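A.B. asks: To start, I am sharing the structure in question, which I have written as structure tokens.
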Amino acid sequence: AWNNSLKNGVPFQYESRLMRSDGEFRWHLTHAEPFKDTNGEVLYWMGINTDIHDQKMQLTSLRNNEIYFRNLSEETPFIVWKSDRQGRCMYLNKKWTEVTGLALKDSLGYGFKQALIIDDPEAYRQNWVKAVENRSHYQSKFQIKIPDGGARWVFCQANPHYDHTVFDGYIGSVVDITEQELYTRAVRDLSERKDEFLSIASHELKTPLTSIKASVQLIGRTVKHDEKASLFATKAAEQLVRLETLIADLLDVSKINAGRLVYNETEFNFKDMLFDVVQSIQNHTRSHQVIIEHSAEVIYFGDRFRLEQVVYNYLSNAIKYSPGADKVLLSSYLKDNYLVVSCRDFGIGIQPENLNKAFERYYRVDDSEMRFQGLGLGLFISAEIIKRHKGIYWIESEPGSGSTFFFSLPLSNGSDEDALSGSSLSAKETQSTSR
Ligand code: ADP
């Protein structure tokens, strides 16, 4: 290089290690400029040696780091990608080519899209554009085509990357979730088929049941002078009521699943409603006394029949799950513009870890010692009805001592919004009554 500069009179530049006085070799940049006379002949050279050791070391370590991380990314068992600031793909690791069979050069920019199978491409695009605009976390699920003509389900996630404080595109991953996705879809499919089957089966059962019920009533009347036959007819009628309730629950659940549970909202006296339910339950319950401890005088706007169903369910559970007790306490009161109903029993109670599950569909506590009959649907239906009335529900329970089931419904203060949301038009508390 020096010979070349001497020969051609051009500036000289060279990096070399020079030994410092303490014996350490340090990188220096030598730069020399020729000074020429008017004829262009070099008169002399003026040079500077600059210590660039620290910068050079930093650069080398950066380069080594980059190589290290690039290798790491290349060997990662899932797809890794990087986008530029505009959202165009500028890097894909080799897993991408392995999975899709697409060459890197054909996939950069927006080329990768040729491998994607997306139900709603416009929504997909918007989702990405929005994430890039807001620099927010990005995620989506779609399929990618594979070379044998098939497809794999993948989950794609990305985070914005900042070079110090400057946004520098996204770094993302694409993970194969085919097995989980197929499993989830199979479960959903089976569950839909089960719901459909239950819906058809309960419909089909309802018609013969209605005619059996009518016949049993007729038989009851015909044999009313025969004490023994009359007893059988009464027993049969009682079991038919149970069967009818089970079928009605199944029908309600299929309607809830299909979003077709119809609500007929009217204004009604809430206290009367509670009293009617208690009377109806007491007609066929001798083991327990249902005591209304406190009853709020409320004219409520909602679906009386469905709310009766909730109270009936709370009460019948309270009786069923307290075989050793003889009473159940029912209360309704006003609190913070809410109408609260509570149903307290002195039965088996519920373990804390099961409290949240009781309102789930088909949930039943698996208790090997005691076997209670039921389908695990009553509370699920109740929860739907309460939610529909914009209410909430909860349980307080002590295993072995009993449970209190609550629900509370919002009361209106007369505003249009509240009237629409299905709450009471007027409310006043009255003295407690016991029955
Ligand atoms: P079912 O009573 O038909 O099983 P529910 O939906 O009414 O269905 O109740 C779901 C589950 O919640 C019940 O199986 C029972 O385990 C639990 N549960 C409900 N009410 C009570 C109660 N009062 N005391 C204890 N456990 C209860």
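A.B. asks: Does residue 122 satisfy the criteria of being in a helix (DSSP H, G or I), of a type in the set (Asp, Glu) and closer than 16 Å to residue 140 by Cα?
C.D. replies: Working: in a helix (DSSP H, G or I): yes; of a type in the set (Asp, Glu): yes; closer than 16 Å to residue 140 by Cα: yes.
When the stated conditions are applied, residue 122 passes them.
A.B. asks: Right, something else. With the checklist (1) within 36 Å of the chain's Cα centre (by Cα); (2) modelled with pLDDT of 95 or more in hand, flag the one item residue 292 doesn't pass.
C.D. replies: Result: residue 292 fails condition (1) only.
A.B. asks: If we keep just the residues of the range 202-239 that are basic (Lys, Arg) and within 45 Å of the chain's Cα centre (by Cα), which is surrounded by the most Cβ atoms within 10 Å (Cβ to Cβ)? Give the derivation first.
C.D. replies: Step one: list which residues in the range 202-239 are basic (Lys, Arg), which gives 206, 213, 221, 224, 228, 235.
Within this subset, residues satisfying the condition of being within 45 Å of the chain's Cα centre (by Cα) are 206, 213.
Numbers: 206: 14, 213: 16.
Here the residue is 213.
A.B. asks: With open to solvent by 50 Å² or more (accessible area, probe 1.4 Å) and outside any helix (DSSP H, G or I) as the only criterion, which of 168, 148 stands out?
C.D. replies: On the way: 168 fails: open to solvent by 50 Å² or more (accessible area, probe 1.4 Å).
The conditions single out 148.
A.B. asks: Sticking with this structure for a sec: Testing residue 346 on (1) under 25 Å from residue 305 (Cβ atoms); (2) more than 21 Å from the chain's Cα centre (by Cα); (3) not in a strand (DSSP E or B), one condition comes back false. Which one is that?
C.D. replies: All conditions are met except number (1).
A.B. asks: Might you check whether a residue that is in a helix (DSSP H, G or I), touching a residue at least 24 places away in the same chain (Cβ under 8 Å), touching a Ser or Thr at 6+ places or on another chain (Cβ under 9 Å) and aliphatic (A, V, I, L, M) occurs anywhere in the range 263-285?
C.D. replies: yes
A.B. asks: Go through (1) open to solvent by 10 Å² or more (accessible area, probe 1.4 Å); (2) closer than 23 Å to residue 252 by Cβ one by one and return the number of the condition residue 324 breaks.
C.D. replies: That leaves (2) as the condition not met.
A.B. asks: Does residue 100 fit the bill of being polar (S, T, N, Q) and free of Cβ contacts under 8 Å to residues at least 24 places away in the same chain?
C.D. replies: On the way: polar (S, T, N, Q): yes; free of Cβ contacts under 8 Å to residues at least 24 places away in the same chain: no.
No; evaluated as a whole, the condition is false for this residue.
A.B. asks: Could you pull out the residue among 79, 118 that is open to solvent by less than 80 Å² (accessible area, probe 1.4 Å), modelled with pLDDT under 95, touching a Ser or Thr at 6+ places or on another chain (Cβ under 9 Å) and of a type outside the set (Lys, Arg)? Steps first, please.
C.D. replies: On the way: 79 fails: modelled with pLDDT under 95.
Only one candidate passes the filter, namely 118.
A.B. asks: A follow-up question, please. Hey, residue 47 hits all of (1) closer than 14 Å to residue 11 by Cα; (2) open to solvent by 60 Å² or more (accessible area, probe 1.4 Å) but one; which does it fall short on?
C.D. replies: Of the numbered conditions (1) closer than 14 Å to residue 11 by Cα; (2) open to solvent by 60 Å² or more (accessible area, probe 1.4 Å), the odd one out for residue 47 is (2).
A.B. asks: List the residue pairs whose Cβ atoms are under 6 Å apart, where the first residue sits in the range 12-23 and is open to solvent by 100 Å² or more (accessible area, probe 1.4 Å), the second is among the small types (Gly, Ala, Ser), and the two are 6 or more positions apart or on different chains.
C.D. replies: From the range 12-23, the pairs are 14/1.
A.B. asks: When you check residue 243 against the structure, is it open to solvent by 60 Å² or more (accessible area, probe 1.4 Å), touching a helix residue (DSSP H, G or I) at 6+ places or on another chain (Cβ under 9 Å) and within 30 Å of residue 201 (Cα to Cα), yes or no?
C.D. replies: yes
A.B. asks: Right, residue 139: open to solvent by 80 Å² or more (accessible area, probe 1.4 Å) and part of a strand (DSSP E or B) or not?
C.D. replies: On the way: open to solvent by 80 Å² or more (accessible area, probe 1.4 Å): yes; part of a strand (DSSP E or B): yes.
Yes, satisfied.
A.B. asks: All but one of (1) more than 8 Å from the ligand (Cβ to nearest atom); (2) within 18 Å of residue 322 (Cα to Cα) hold for residue 403; state the number of the condition that does not hold.
C.D. replies: That leaves (1) as the condition not met.
A.B. asks: Name the single residue, out of those in the range 303-321 being within 11 Å of the ligand (Cβ to nearest atom) and of a type in the set (Val, Ile, Thr), that is surrounded by the fewest Cβ atoms within 10 Å (Cβ to Cβ).
C.D. replies: 319
The values are calculated or read from the model by the stated rules, or taken from the named source; none is laboratory data. All values derive from a computational prediction rather than experimental measurement. Glycine gets a Cβ as well: all are built from the backbone with ideal geometry, and neighbour counts include every protein chain shown. We work out accessible area using only protein heavy atoms, side chains counted, and drop any ligands, DNA or RNA first. Shrake-Rupley method; radii C 1.70, N 1.55, O 1.52, S 1.80 Å.
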